[in-house]
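One structure is given below, encoded as structure tokens.
The values are calculated or read from the model by the stated rules, or taken from the named source; none is laboratory data. Fair warning: this is a prediction, and the values are worked out from it, not measured in the lab. Note that we place each Cβ from the backbone using ideal geometry, even for glycine, and neighbour counts take in every protein chain shown. We work out accessible area using only protein heavy atoms, side chains counted, and drop any ligands, DNA or RNA first. Shrake-Rupley method; radii C 1.70, N 1.55, O 1.52, S 1.80 Å.
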Amino acid sequence: MSDNWNTRTRLVHSGTTRSQYNEVSEAIYLTQGFVYESAEQAEARFIESGPDEFIYARYGNPTVAMFERRIAALEGAEDAFATASGMAAVSGALMAMLRAGDHVVAARALFGSCLYVLEEILTRYGVEVTFVDGTDLAAWQAAIRPGTKAVFFETVANPTLEVIDIEAVSKIAHAVGATVVVDNVFATPVFSNAIAQGADVVIYSATKHIDGQGRALGGVIIATKDFIRGTVEPYMKHTGGSMSPFTAWIMLKGLETIDLRVRAQAASALAISEALQGHAKLNRAIYPGHPSHAQYDLVKRQMGKGGTVLSLDITGGQAAAFRFLNALKIVLISNNLGDAKSIITHPATTTHQRLSDTQRAALGITPGLVRLSVGIEDGEDLINDVMQALDAV
Ligand SMILES: *Cc1c(COP(=O)(O)O)cnc(C)c1O
């Protein structure tokens with residue numbers, strides 16, 4: 001494996017190990033365990049397990065290890081731990097490093113399950129959590145104090161697509177020795193430079209762009225070898241949230257094409273956002289990669305491109321939003337994102353239904369807001385579909 005390979009080469013070749021048959025496509029090692037040649041070898045393996053010495057699939061597996069090495073290489077990190085879902089990665093990374101009495105500062109605009117882990121679960125075990133407006137650096141500065149153990153935020157918030165400045169928040173956090181943990185799903189692994197910008201731990205729901213074809217749940221925690229093997233692995237291997245070998249194979253195949261897919265999706269997302277500026281049926285068309293986004297300069301600096309998701313605030317509230325969803329012919333009504341198929345979601349009645357009206361209003365989730373995850377279909381077809389559905393509103 002070569003350190004100087006560029007991204008596309010890493011995505012196809014990094015982390016591959018081959019069996020005695022020298023197969024081209026990555027092998028799926030559907031095995032829970034591994035046979036030892038002697039009792040002495042078994043004993044030695046349990047004392048000191050190196051990266052290539054497998055014991056039990058909950059601890060590690062050759063197909064899973066290939067995925068971990070490939071995503072670590074893409075992110076420019078030392079190591080990674082693959083998990084059963086994105087939420088196993090978020091909860092695992094936080095639970096592994098925190099203990100009663102610790103203090104965490106988190107952005108308020110979070111994916112519902114991330115909010116539940118921080119607000120309901122961690123606090124149950126004596127962790128103190130302070131929530132801030134993630135885009136307000138003065139609020140981070142005021143909340144982070146000597147002894148703060150970790151900060152947590154989504155680098156691009158769902159579904160309002162506000163962007164949090166990784167470099168600036170990391171600087172504030174590192175001044176008191178806090179670990180910076182980011183959920184980087186909306187930025188995508190393709191447009192991420194999070195570790196170079198200061199993040200210590202990068203988390204993806206692999207269910208989204210890494211699979212990218214709606215087949216499997218998965219997640220991954222990416223960090224230093226010390227954090228992954230010293231802190232994350234002992235927690236994950238004893239609590240059981242590891243990724244299955246079959247899922248790891250799906251995710252490896254997803255990584256091979258992720259750069260092609262996500263760049264095509266982002267190009268179509270930009271084209272749709274351009275076509276929609278000033279549309280009479282919209283209060284707002286929000287896309288981080290369009291110059292009209294309030295944090296466009298930060299987006300360019302931090303991600304380069306705007307990602308694969310747009311949010312549209314349709315005039316006329318929920319009834320108009322529902323008419324829009326129901327009139328779409330190509331775009332599917334569902335709640336995944338990053339998929340090859342374009343998907344539309346009405347957050348107020350689905351993903352953010354649990355919140356009160358006041359909470360939704362505070363997060364900018366209006367009754368007319370819809371989240372459009374742009375797929376790999378023909379961009380012109382997608383623009384036409386969105387336009388004809390807006391006509392029907
Ligand atoms: C989907 C998602 C998750 C959870 O991932 P799962 O694979 O569904 O468990 C966490 N954070 C963000 C930002 C997500 O979009």
Please state the shape class of segment 1-113: rounded when a/c is under 1.5, otherwise prolate if a/b exceeds b/c and oblate if not, all from the C-alpha gyration tensor.
oblate
Log entry: pair-distance distribution for the chain, C-alpha pairs binned every 10 Å from zero, whole % per bin is 5, 23, 31, 24, 12, 3, 1, 0
For segment 281-293, what does the Karplus curve 6.51 cos²θ - 1.76 cosθ + 1.60, with θ = phi - 60°, yield as ³J(HN,Hα) per residue in whole Hz, taken in order and with x for Gly and Pro?
8, 10, 6, 8, 10, 9, 9, x, x, 9, x, 6, 5
Using 7 Å Cα-to-Cβ label points, what is the residue 167/residue 128 separation (nm, one decimal)?
3.2 nm
Along the three principal axes, how long is segment 52-135 when you take its alpha carbons, biggest first, rounded to the nearest angstrom?
40, 28, 21
For residue 34, the accessible surface traced by a 1.4 Å probe with all protein chains present amounts, in square angstrom to the nearest 10, to 50 Å²
In square nanometres, what is the average projected area of the Cα convex hull of segment 259-392?
7.7 nm²
Just to confirm the number: angle between the C-alpha axis of helix 245-276 and the first principal axis of the chain, 0 to 90 degrees, nearest 10?
20 degrees
Label point at residue 176 placed 7 Å out along Cα→Cβ; residues across segment 144-167 whose backbone nitrogen lies under 16 Å:
144-153
Between residue 383 and residue 334, what FRET efficiency comes out of the Förster formula 1/(1 + (r/R0)^6) with R0 = 25 Å and r the beta carbon distance, rounded to 0.05?
0.80
Counted charge near residue 323, where neighbours are those whose Cβ lies closer than 13 Å (Asp, Glu -1; Lys, Arg +1):
0
Provide the per-residue ³J(HN,Hα) series for segment 190-197, in order, calculated from phi with Karplus coefficients 6.51, -1.76, 1.60 and θ = phi - 60°, each as a whole number of Hz, with x at glycine and proline positions.
6, 9, 8, 9, 4, 5, 5, 7
For residue 249, solvent-accessible area (1.4 Å; no DNA, RNA or ligand), Å²:
70 Å²
Taking the 0 to 90 degree range and rounding to the nearest ten, how far is the long axis of helix 62-75 tilted relative to the main principal axis of the chain, both from C-alpha atoms?
50 degrees
If you fit an axis through the alpha-carbon atoms of helix 379-391 and take the longest principal axis of the Cα set of the chain, what angle between them do you get, 0 to 90°, nearest 10?
40 degrees
I'd like to know how segment 30-181 sits against the 2.2 N^0.38 Å rule of thumb: what's its Cα Rg over that expected value?
1.27
With n ≥ 4 as the cut-off for DSSP H runs, can you work out [θ] at 222 nm for the chain, using -39500 (n - 2.57) per run divided by the number of residues, rounded to the nearest 500?
-10500 deg cm²/dmol
Solvent-accessible area per residue, Å², over the chain with all protein chains present [probe radius 1.4 Å]:
42 Å²
Long-range amide H contacts for residue 83: which residues qualify at under 5 Å (H placed 1.01 Å from N, peptide plane, sequence gap of 5 or more or a different chain)?
219, 220, 221, 243
Where in the chain lies the longest segment free of GluC sites (Glu not before Pro) that are both loop residues by DSSP (not H, G, I, E, B) and have at most 12 other Cβ atoms within 10 Å?
49-393
Within segment 202-233, find all residues whose amide N lies under 13 Å from a label point positioned 7 Å from the Cα of residue 113 along Cα-to-beta-carbon.
204-208, 216-220
For segment 244-285 the trypsin sites (Lys or Arg not before Pro) that pass both the DSSP coil test and the at-most-14 other-Cβ-within-10 Å test are none
Please tell me the relative contact order of the chain in percent, rounded to the nearest whole number, where contacts are Cα pairs under 8 Å and at least six residues apart.
16 percent
Residue 182: net charge of surrounding residues, Cβ under 10 Å, Lys/Arg +1, Asp/Glu -1, itself excluded?
-3
Tally Lys and Arg at +1 and Asp and Glu at -1 over the other residues with C-beta under 15 Å from the C-beta of residue 261: what net charge comes out?
+1
Nearest-5 percent of antiparallel DSSP beta bridges in the chain?
55 percent
If 297, 102 are ordered by their accessible area, calculated over protein heavy atoms with a 1.4 Å probe, which sequence runs from highest to lowest?
297, 102
Would you mind telling me the share, in percent, of accessible area of the chain contributed by carbon and sulfur at probe 1.4 angstrom?
52 percent
